[in-house]
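The values are calculated or read from the model by the stated rules, or taken from the named source; none is laboratory data. Because the structure is predicted, anything quoted here is derived from the model rather than measured. With ideal geometry, Cβ positions are generated from the backbone for all residues, glycine too; neighbour counts draw on all protein chains shown. Accessible surface is based on the protein model in full, side chains and every heavy atom, while ligands, DNA and RNA are left aside. Shrake-Rupley method; radii C 1.70, N 1.55, O 1.52, S 1.80 Å.
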Amino acid sequence: MTNTPYDRLTDALAAAARTVPDDLVPPGLPEQNRRHPSRGLLVGLVAAASVAAAALVVPSLASGDTELGVAGSQAPPGCPSPDPVKEIALPRSAPGKAGGGWLDGLPFGTAASLPVTVMKDASGGGYLQDGSLRVPLRAGYQFQAVGRIQCGWIGLSTRTGTNRQRFDAGVLSTSGAFRSFGSAPKQVVLGLSPDGRQVVVVRSTAGKHRLTVLDLADGREIRSTETGAVTGFGGWNTNGIWFSPNLLEARTLLWRPGQEPVAVDGLDGHRIVVQRTTDRMLVVPGAAGQPDCVRVVTLAGANRLAEVMRACGATDGALSHDGSVLQTTGPSGSRGYLVTQNKPTRFVGPPGVFDSDSAGSWEDDEHVLVTLSIPPRFRRVLLRCNVVRGGCLRVHDIPDDEPALLVGER
Amino acid sequence: MTSKMVSLRRPGAPPLAAADDDRDATVSQLYAEHWTSMVRLALLMVGDRPCAEDVAQEAFAGIYRRWEAVGEGKALAYLRSAVLNGARSALRRRKVARLYAPPAAPPVWSAENAVMLGEDRREVLAALTTLPARRREVLVLRFYLHLSDADIARTLGISEVTVRSTASRALRSLGHKLEASR
């Protein structure tokens, strides 16, 4: 946050300057020569000099490739390194070229700091990019990271290209190897424990469904409890695991592994969204698309909720990792709020920018990554918005179906 | 009668072809390394990127034509000065042109761009644009490029004392404008 007038001025100037992208290509300068200039690049410059005063060459950033961090494959110290894998280029659309209106005018920012799965198409393969680390993925499988762990990521691996999809919860190592949690025919990974050492999955065998806690180190089952066929997972924080055994019943339970689950009061058909990094939680409208109040709550007593703040007229929301910032989406636009002060931030997104179901993924306590679909062709764009100070930048254009992109959680 | 060729070049200067090669290579390198930063500097003065790119292009064209007078050691300072001068001219031209034609793109501090920058930054930038050009230049050089007073003085061709007094007045004025907009 900026406080002094000097800070504000410095910050505003730097932000305005950053609207000119780092990789802006000068007129007459071929991109391949940008860092290694040669005589060839002078053609445009000399031509410009000869028409000196009337040199009204209006260059544009026609196209370029997204750099997803450094193309290195060095794993963190003590972790196995992956084989090198070729970058899949994600094209960028020039302003006004792709029919995205004002969105096409947004400059590109830096690569996502969350783990991102990049595939040539929806058939899988590709790689997981996390910072400068790029890990190849199995052909024919998609992998969505749910959280970072020591020397890898926990997530859901999905086999593609067949009528019968296979879901596998497990660990993707920095070497690229995937280790499944056991041999259950169908299991869905839900989330990590607050300390990142355990994972909760739903295991389905012979028509029975059990919410199961596994030890990440060895895949050993620690605890389990019964759940329904369509389990809704709210999240896991220090209070316990919040889930709905059957999404259709709108009943939320809190389960502390080792005890019986208890019903949570005060949700009234609303959905609870829980992060492992904070005990503040979010209660959002249960029916997607119906605006209502979004509430920030904490657990008071065994199963009651106490309200910290509320923001009304929203269809969905997301709470920052530390619980200090709330971002809501709704028909009147997208807004940010400082939770403890109970007041809006500088962020206001126009209506229709954020999908009512997608509140985004937090990179840190200010920045949210959101995938938007832009009519009329519903081209997809990955945006990074600062929900405290305001402002958005493009991270990637995602052309139609290929290449495909999955943003994971940190 | 035989004519006599008289060199107009400095004694000891390298042959013309070699000098041209040096100029080409050095200006090309400057162009590659500083194009973006010059566009950014111009953008902070004129507000929109197409115009900022024109201003930067003219500055590079200028240094190419005047390379012998500028020299490598002063190239960056020359470019900054040329960009600020070009921006001032562009704003002057725009004052007249605005009566007849809309600007090519909304300035970065316009309400249309609030979603890109955020309201707080937009307010600061909009207040900055209301300052006289010289004051704005001093603030941009100090708070964006973080130049010393001596470097700002060299870039703008004014004394260090003038830099300090201009900066002080500019900050006071900016503070009042921001206060008034609340």
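Table for the structure above
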item: Cβ pairs under 7 Å, 6+ apart, first in the range B:153-169 and free of Cβ contacts under 8 Å to residues at least 40 places away in the same chain, second surrounded by fewer than 13 Cβ atoms within 10 Å (Cβ to Cβ); result: B:Ala153/B:Ser159; B:Glu160/B:Ala150
item: Residues of the range A:187-213 that turn out to be open to solvent by 50 Å² or more (accessible area, probe 1.4 Å) and of a type in the set (Ser, Thr, Tyr), as a count; result: 1
item: Check on A:Asp397, open to solvent by less than 20 Å² (accessible area, probe 1.4 Å), more than 14 Å from chain B (Cβ to nearest Cβ) and at pLDDT below 90; result: yes
item: Test: A:Arg310 is surrounded by fewer than 22 Cβ atoms within 10 Å (Cβ to Cβ), modelled with pLDDT under 90 and of a type in the set (Lys, Arg); result: no
item: Criterion (facing another protein chain (nearest Cβ under 10 Å), open to solvent by 10 Å² or more (accessible area, probe 1.4 Å), of a type in the set (D, E, K, R) and within 28 Å of B:Val124 (Cβ to Cβ)) met by exactly one of B:Arg23, B:Arg49, B:Arg92, B:Arg80; result: B:Arg49
item: Residue within the range B:67-76 that is closer than 21 Å to A:Leu9 by Cβ, assigned to a helix (DSSP H, G or I) and modelled with pLDDT of 80 or more present; result: no
item: Leading residue by the ranking (modelled with the highest pLDDT) among those in the range A:15-32 that are open to solvent by 20 Å² or more (accessible area, probe 1.4 Å) and more than 7 Å from every other protein chain (Cβ to nearest Cβ); result: A:Arg18
item: Which numbered condition A:Leu372 misses (of (1) part of a strand (DSSP E or B); (2) open to solvent by less than 20 Å² (accessible area, probe 1.4 Å); (3) at pLDDT 80 or above); result: (3)
item: Filter result (within 14 Å of chain A (Cβ to nearest Cβ) and farther than 14 Å from B:Ser81 by Cα) within the range B:143-156; result: B:Phe143, B:Tyr144, B:His146
item: Which numbered condition A:Ser320 fails, given (1) open to solvent by 30 Å² or more (accessible area, probe 1.4 Å); (2) under 18 Å from A:Trp236 (Cα atoms); result: (1)
item: Filtered residue count, the range A:219-246, keeping only those that are of a type outside the set (Lys, Arg) and buried (at least 16 other Cβ atoms within 10 Å of the Cβ); result: 18
item: Given (1) modelled with pLDDT under 80; (2) of a type in the set (Ser, Thr, Tyr); (3) within 24 Å of A:Ala112 (Cα to Cα); (4) more than 18 Å from the chain's Cα centre (by Cα), number of the condition A:Thr315 does not satisfy; result: (3)
item: Selection from the range A:258-276 of residues that are assigned to a strand (DSSP E or B) and within 21 Å of A:Cys312 (Cβ to Cβ); result: A:Arg271, A:Ile272, A:Val273
item: Which numbered condition B:Leu141 fails, given (1) part of a helix (DSSP H, G or I); (2) open to solvent by 30 Å² or more (accessible area, probe 1.4 Å); (3) hydrophobic (A, V, I, L, M, F, W, C); result: (2)
item: Tally of residues being over 13 Å from A:Gly408 (Cβ atoms) and surrounded by fewer than 23 Cβ atoms within 10 Å (Cβ to Cβ) across the range A:134-147; result: 5
